[in-house]
């Protein structure tokens, strides 16, 4: 398990992302639509470092 703890400023920034449903001190919950898109793009050879535009 990750031991990353998000600071308040990081949580607020993450919460402003339309693909994020909620953020806790340690976890990010992404929307189901975003998860599907991420898997589809990954299958096309795009990694997490590339945008989904």
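The values are calculated or read from the model by the stated rules, or taken from the named source; none is laboratory data. This one's a predicted model, so the numbers in the text were calculated from it and none came from an experiment. Neighbour counts are summed over all protein chains in view; Cβ atoms, including those assigned to glycine, are modelled from backbone coordinates with ideal geometry.
Here are the numbers for this structure:
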quantity	calculated
In the stretch 24-37, residue modelled with the lowest pLDDT [restricted to those that are surrounded by 11 or more Cβ atoms within 10 Å (Cβ to Cβ), touching a helix residue (DSSP H, G or I) at 6+ places or on another chain (Cβ under 9 Å) and within 14 Å of residue 5 (Cα to Cα)]	25
Residue within the stretch 16-23 that is at pLDDT below 95 and surrounded by 11 or more Cβ atoms within 10 Å (Cβ to Cβ) present	no
Residue ID - modelled with the lowest pLDDT, chosen from residues in the stretch 38-50 that are loosely packed, with under 12 Cβ neighbours inside 10 Å and either touching a strand residue (DSSP E or B) at 6+ places or on another chain (Cβ under 6 Å) or more than 22 Å from residue 6 (Cα to Cα) (or both)	50
